[in-house]
Each structure stands twice: as structure tokens, then as C-alpha cells.
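Throughout, read-outs are computed from the coordinates displayed, never taken from laboratory work. Source: prediction; values computed, not measured. Virtual Cβ from ideal backbone geometry, glycine too; neighbours counted across all protein chains shown.
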Amino acid sequence: MQIESLKLFCDLSETESFTKAAQLNQITQSAVSQQVGSLERHFKTLLIERSKKRFRLTQEGQMLYEYSKQIIQTYDSLNNRLQEIKEIVSGTIRLSTIYSVGLHELPPYIKAFLKQHPTVNVHVEYRRSNQVYEDVLGNIVDLGLVAYPSKEIRIAAESICNDRLVLICHPSRVKRGKESLFLREIHGERFIGFEPDIPTRKGVDRILKEHEVEVSVVMEFDNIETVKRAVEIDAGVSIVPQSTVAQEVAMKSLVQLEISDGTFYRPLAVIYRKNKVLSPAMKLFVEILKSV
């Protein structure tokens, strides 16, 4: 029995999926089943209830998972400590990020990190906010990038930067030279928003409510790119992070206006499981993100 088998069993227990466990360990589903069978023969006990309805560990399987998790964490701590002593930065960083951050803010930091540490492999998944939390809690990824981080007892969150929010609209809607507006000026306007469950949408809704501004939400999308495309065809106006519209503003397909009522920001954070043992590479990557 090797420690890799225990890690595989932990991944399977946390994801509750033979497919995801196989992907995490870069093996086939058949190989996952074979290794589980090998563990059951080794311990002479059934570890997983064979049911098509849902994944469930037996009492013995739950105990093996709990002890295996401790073994893996101890092993990871040892391995990371040895790497620190040898000043080795290598391995893989699995990262899950919301679309807007992953597409517009993350690339230069990954580029800078890989330039300093070319032996590290950074794997990025683009996900909705709730899925990022699920990926982190399920140990599918090492780190997550989210906006408006929520309080979760099992997750550690470290602030990395704040996105300034601006209003965007079609160029035909703005007089030449106009660079800002008060929120009351969009009262009753057609508005392009994110879907209601997305944190950035909730943040924008709070700002509008605090300033007693009501808009007519005509379209709702789950990602920043579709929001921008809708504004480009003059379907309505929107409030978005400034960093996500730099290209469109430069190309003059969108106009960006500062909000005169105040300076509003979207907080961003890097998240990871509280009991997660961060490798030297992960720690350095977090430091780069926090230096923004």
C-alpha cells in the first residue's frame, strides 16, 4: 500500500465522484476502482457502499478517510518543509477563478510567477463563484479567486486587491467630453446585470439601493463578457469592474464613466481550505496575488 492510494481515496471521498478523482490523479476511472478494491482487500473490509443512487462511505471507509487525511497532511507538511529547506519551488498549483478575474486580472501575475518559477505548473479553471467555493472545499483545487468573499468556517480568505467599479454604456449615449455621472442619472434606465446569485450583482444592487436608484433590469448574464456585448449593442447600461473594460474603452466600442457619488470597489480574495497545507509554490503565488 502506497501513500498515493490513500490520497486517491481521500480525493474520492471528498469529491464523491470516481470521474473527478480520476481527473485529479490523472488516471482512468477503472484505475480508481482497482485501487479502491486493493485497499478493501488490504484492510479486509468494505469501504464504499455499492449503490447507484449516491456515493456513500461505510463506517470503516469513513474511518480510513479520516486517518488517511491526517497521514496525507503530515506527508505534505514534511514534503513542503523539505522543499523549503532546499529552496525548491516546483509542483502544480490548481486554481479555480471567477471569469472576470481569470480573464482580465490573473494572466499578468501568472506570467510573472512562471517567469520566476518555470518548473511550476499552474492549472486554471474558470467557474461561477459558488462553484469556486465547492472546488476549494472539495479539494478539487488548491486555491480559489472570488469577489466579495463570503464567511465560511472551513475556508481561509486573504484579500488581494479591490476592483474599482465604473458605469459603462454605448458611445452614442454620452456627450463628448463627459467623464462622470451621478447614479441618479441612470434612474429608470435599462440595465444589464449579472445573474441575481452572483456576488458582484448583489454588490451593485446594494449600491443602487443605498442611493435610492431604481433601474429596469432587461438582461442578466453569468459572465462579464456577455454583459459587455449586450452594452455594446446598446441594450442598456451596466456597472462593472474597471479592469474588465480596458480593451473595449480603448477601441471606443464602450464608454466608461466615473461615478460621482463616491468611489466604489469590488473586493477580491484568494481562498483555500483552512486545513490545507500550502506548498512553497502556493505560498509564493499567494504572495504575488497579495502584492497587487
Expected max-MSF residue from Leu137, Leu257, Leu145 in the GNM of the chain (alpha carbon, under 10 Å) is Leu257
Which three lengths, in whole Å and largest first, does the range 1-106 cover when its Cα atoms are put on their principal axes? 46, 37, 22
In whole Å, what is the distance between the alpha-carbon centres of the range 147-211 and the range 57-106? 34 Å
Once you've got the GNM for the chain with C-alpha springs shorter than 10 Å, pick whichever of Arg164, Arg176, Arg273 has the biggest mean-square fluctuation. Arg176
Which value, in debye to the nearest 20, gives the size of the charge dipole of the range 162-266 about its Cα centre, when Lys and Arg are +1 and Asp and Glu are -1 at the Cβ? 340 debye
Near Lys20, which lysines are there with a Cα under 24 Å away, not counting those fewer than 8 places off in the same chain? Lys7, Lys52, Lys53, Lys69, Lys274, Lys276
Over the Cα atoms of the range 100-156, what radius of gyration and what Dmax do you get, in Å? 12.6, 35
Residue by residue, what Karplus-based ³J(HN,Hα) values in Hz, rounded to whole numbers, does the range 18-35 have, using 6.51, -1.76 and 1.60 with θ = phi - 60° and x for Gly and Pro? 5, 5, 5, 4, 5, 5, 4, 9, 6, 9, 8, 4, 4, 5, 4, 4, 5, 5
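Can you tell me how the range 162-266 classifies by the Cα gyration tensor, rounded, prolate or oblate, using a/c under 1.5 as the rounded cut?
Values: a/c = 1.30, a/b = 1.13, b/c = 1.15.
Here the range 162-266 falls in the rounded category.
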Given the options Lys44, Lys274, Lys69, state which has the largest fluctuation in a GNM of the chain using a 10 Å cut-off (strictly under) for Cα springs. Lys44
Sorted by mean Cβ packing within 10 Å, highest first, what order do the peptides 223-231, 235-243 take? 235-243, 223-231
Excluding residues fewer than 8 places away in the same chain, name every one of the aspartates and glutamates whose C-alpha is closer than 17 Å to that of Lys252. Glu179, Glu225, Glu232, Asp234
Top positive-direction residue, dipole computed over the chain with Cβ charges, set Val146, Ile71, Asn162: Ile71
So what are the ³J(HN,Hα) numbers for the range 272-287, from phi and the Karplus equation (6.51, -1.76, 1.60; θ = phi - 60°), rounded to whole Hz, Gly and Pro as x? 7, 5, 4, 8, 6, 8, 7, 6, x, 5, 5, 4, 5, 5, 4, 4
For the chain, the percent of all C-alpha pairs falling in each 5 Å bin, from 0 up to the bin holding the max distance, is 1, 5, 10, 14, 14, 12, 11, 9, 8, 6, 5, 3, 2, 1, 0, 0
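Show that you can apply the helix-only estimate: for the chain, add -39,500 (n - 2.57) for every DSSP H stretch of four or more residues, divide by all residues, and state [θ] at 222 nm to the nearest 500.
Numbers: 11 runs with 127 residues, N = 292.
Dividing the helical sum by the residues of the chain leaves -13500 deg cm²/dmol.
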